[in-house]
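Following: one structure in C-alpha cells, then a few remarks.
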Amino acid sequence: MQIKLGKPFASTLIYPLACALAVVGAKCWMIGRYGNPTPFWDQWDAEGVLLYPRYLGGTLQLADLIAPHNEHRILMTRLWSLLLLELEGYWDPILQMLGNTLIFGGLVALLVAAFRPLFAQTSWIMFAFFSVLLFSLPLGWGTSLEGFNSQWYFMLLFGLAGLVAVTNARAFALRWWVALLLLIAGYFSMAGGTAAAAAAFSICALQMICARRSGASEWLALIILLAVTGAMALAVPVLAHHAPLKAHSAGEFLEALIIIMSWPAAIGINSIGVRTLGALILYAPALLTIMHVIKTRPPLTDRSWFLGVFAGWMTLAAAALAYGRAATPIVARELDLIMLAMPLNFGCLLYLLHVNRPFQRPRLAQAVVALWLIPVCLGTAVAFKQAMRSIAEKRDFSQKETRNLRAFLDTGDIGALTNKPELEIPYPDPKRLAAIASSPVIRALLPPELVGAESAARAQQRGVARYTGHAVEAFKNLARRWGVILIPIGLLIFALSFWTQFRRAKMDGETSPHA
C-alpha cells in the first residue's frame, strides 16, 4: 500500500536536508580519522606556485584564474581556495576537505530533491535512503581526502543543477539562462563539465524531434547550446605527456568503458563477458527509461525528461573517462562521478515500476528490485573493503609525508626529502618541493602542523582572517571531532519526518493502492 504523505515543504526540503547531514557527517568522520594537513602533489604547483604568491603579491589576473591545470580550467577551485585562505589565514588542506564536504552535501540534497516529482512518496524515500547509504560509504575517499579536489564536487553540483534546470526551460527564459550559466560553471570546474553541456544539447535536440520544442527561439537556443559545447571541447588542452593514458584503439576504449559502467557489480572480475553483463544489468533501467521517454513523448514540464538527460550525462562522462584514462579507468578520485550512475539507475528502476502497470504487483516489483540490488550490494561490499584498506594506507603514507616535510622545514636539510619512497614525500620532485615550501610567501602560509602554531597565528593577522580565523579554526576542529554526530542527526530527522507524516496520513485516511 502506498501512503500519500505530508506537506510540500517536508517533501522538498526535510528529506534532502536529512540526507545531506548524514553524508556530511560520514565525510567528517573520514576526514577527522584519516585526513592530513600537508598539501599534496598538484597542490604545490597549482596553489603554492601559481595561485597564492600572485594573489598575495597583487599580481593575480583573470587569465591566471582560468589558466589550464592539466586538461582543466579550475576557476571555481581557485576561487574556493582563495576564500578559505582568507577566512582562516593560512593554507589548510583539512579546512579545504571539510569545505569540499559541504559542496558534496549540497550535491546529495539536490540529487534527492530532483527525483521527488518522479515518485510516490514511498518510492522516493527508498531512493533517498539508497542514496544516503551509498554516499556515506568512504568509496570516494580519493576526492574526500585531498583538499585540492573541490573541482570534482563543483563539476558534479553545477552539472546536475544545470541539467535539472534546462530540461523543462523554455528558450531564453530566466531558467534557461540560469541553466546555461550553471553548465558553463561546470566547465570552469573541470573539463568533464563538457559532458553535461553535451547532454543538455542532446536532450533539447530530442525534445525538438519529439515536437516538445518548436519555433525560431528554440532553434536559436539549441544552436547556442551546441556552440557552447563545441567551444568547451575545443578549449580543452591536449597534453602530450598524457597520451599514454588514453585509449589508442576502439578495443581499448570499449574495454575501459565496460569496466567503468560495470562498477561495482563486476569489481575484481577480469572476464570481459561478466563485466559486460554487469554493465548491462546496472544500466538497463536507464536505457529502458530513455526508450520509454522517447516512446511516450511526455510534455516538456514532465520530470521524466530529467531522467533521460541524467542518463545521457552519465554515459558521456563514462565515455570521456574511458577515452582519456583508459590505462587506469577506475581511480578513487573519480568514483564520486562513477557512483552517480547507481542512484540514477535505481531511480530509473523505481520509475519504470511505477509507470508500467504489469510491474505494480508487489511481489514482482520486489523481485525486480532485488535482482538489480544483489550485484550492486555485493560489489559495493567488495569496494568498501578495498576502500578501507586504501585509506588506512594513505593515512600511513601521509603521516610520513608530514614528518619528512616538517623535518626539512625545521632543519633546512634537503636530505629529509631525498632518497625517500615515492609516497613518503608529498610531491614527486624533492628539490622542487624544497624550493616551493621554503619560499618566504609559502612557508608563512603553511599549516601549524608543518611550521608551528606561532607561524599560523602570524598568518591570521592578515586581512579578513583577523576577524574570522579563530572561528574558522574552531569550526574545523569541531567538525573533525564531532562532525560524525551529523550521521545520527540526519537519520533521526529522516525517520521522525517519515513517522510524523505517516501518522498524519493514516489519521486522515489518505491511501492509494499504488505500489
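Return the total of residues in the range 196-237 being on the phi < 0 side of the Ramachandran plot, in contact (Cβ under 8 Å) with a residue 12 or more places away in the chain and not in a helix (DSSP H, G or I).
5
Filter the range 26-61 down to residues that are within 21 Å of PRO426 (Cβ to Cβ) and part of a helix (DSSP H, G or I), then give me how many there are.
17
Here is a list: ARG73, ARG78, ARG54. Which entry is out of contact with any strand residue (DSSP E or B) (no Cβ under 7 Å at 6 or more places or on another chain), free of Cβ contacts under 8 Å to residues at least 12 places away in the same chain and of a type in the set (Lys, Arg)?
ARG54
What is the number of the single condition among (1) surrounded by fewer than 21 Cβ atoms within 10 Å (Cβ to Cβ); (2) closer than 30 Å to VAL178 by Cβ; (3) at pLDDT 95 or above that PHE253 does not meet?
(2)
Got a number for residues in the range 496-515 being modelled with pLDDT of 60 or more and either closer than 23 Å to PRO362 by Cβ or of a type in the set (D, E, K, R) (or both)?
9
Restricting the search to the range 1-59, which residues are at pLDDT 95 or above, over 21 Å from GLY142 (Cα atoms) and of a type in the set (D, E, K, R)?
Once the filter is applied, which keeps residues that are at pLDDT 95 or above, over 21 Å from GLY142 (Cα atoms) and of a type in the set (D, E, K, R), the range 1-59 yields only ARG54.
Can you pull out the residues in the range 252-300 that are hydroxyl-bearing (Ser, Thr, Tyr), assigned to a loop (DSSP other than H, G, I, E, B) and in contact with a Ser or Thr (Cβ under 8 Å, 6 or more places away or on another chain)?
Residue satisfying the conditions is SER262 alone.
I'd like to know if the range 492-503 contains one or more residues that are polar (S, T, N, Q), surrounded by fewer than 16 Cβ atoms within 10 Å (Cβ to Cβ), assigned to a helix (DSSP H, G or I) and touching a Gly at 6+ places or on another chain (Cβ under 9 Å).
Among the residues of the range 492-503, at least one is polar (S, T, N, Q), surrounded by fewer than 16 Cβ atoms within 10 Å (Cβ to Cβ), assigned to a helix (DSSP H, G or I) and touching a Gly at 6+ places or on another chain (Cβ under 9 Å), which makes the answer yes.
Taking the range 269-289 as the search range and keeping residues that are surrounded by 19 or more Cβ atoms within 10 Å (Cβ to Cβ) and farther than 30 Å from LEU245 by Cα, which one is nearest to the chain's Cα centre (by Cα)?
This residue is PRO285.
Taking the options TRP91, TRP124, TRP80, name whichever one is in a loop (DSSP other than H, G, I, E, B), crowded, with 20+ Cβ neighbours inside 10 Å and over 15 Å from the mean Cα position of the chain (by Cα).
TRP91
Quick test of your reading of the structure: GLU146 fulfils all but one of (1) closer than 21 Å to MET30 by Cα; (2) of a type in the set (D, E, K, R); (3) surrounded by fewer than 21 Cβ atoms within 10 Å (Cβ to Cβ). Name the failing condition by number.
Condition not satisfied by GLU146: (3).
Name every residue in the range 314-369 that is aliphatic (A, V, I, L, M), surrounded by fewer than 16 Cβ atoms within 10 Å (Cβ to Cβ) and not in a helix (DSSP H, G or I), in order of residue number.
Within the range 314-369, ALA327, VAL331 meet the criteria.
Scan the range 164-173 and tell me whether some residue there is free of Cβ contacts under 8 Å to residues at least 40 places away in the same chain, under 21 Å from ILE103 (Cβ atoms) and part of a helix (DSSP H, G or I).
For the range 164-173, residues free of Cβ contacts under 8 Å to residues at least 40 places away in the same chain, under 21 Å from ILE103 (Cβ atoms) and part of a helix (DSSP H, G or I): present.
Restricting attention to the range 174-191, and to residues there that are touching a residue at least 24 places away in the same chain (Cβ under 8 Å) and over 19 Å from the mean Cα position of the chain (by Cα), which single residue is farthest from LEU118 (Cα to Cα)?
Among those that are touching a residue at least 24 places away in the same chain (Cβ under 8 Å) and over 19 Å from the mean Cα position of the chain (by Cα), it is LEU180.
The values are calculated or read from the model by the stated rules, or taken from the named source; none is laboratory data. None of the values given here were measured: they were computed from a predicted structure. In this analysis, Cβ positions are derived from the backbone assuming ideal geometry, glycine residues included, and neighbour counts consider all displayed protein chains.
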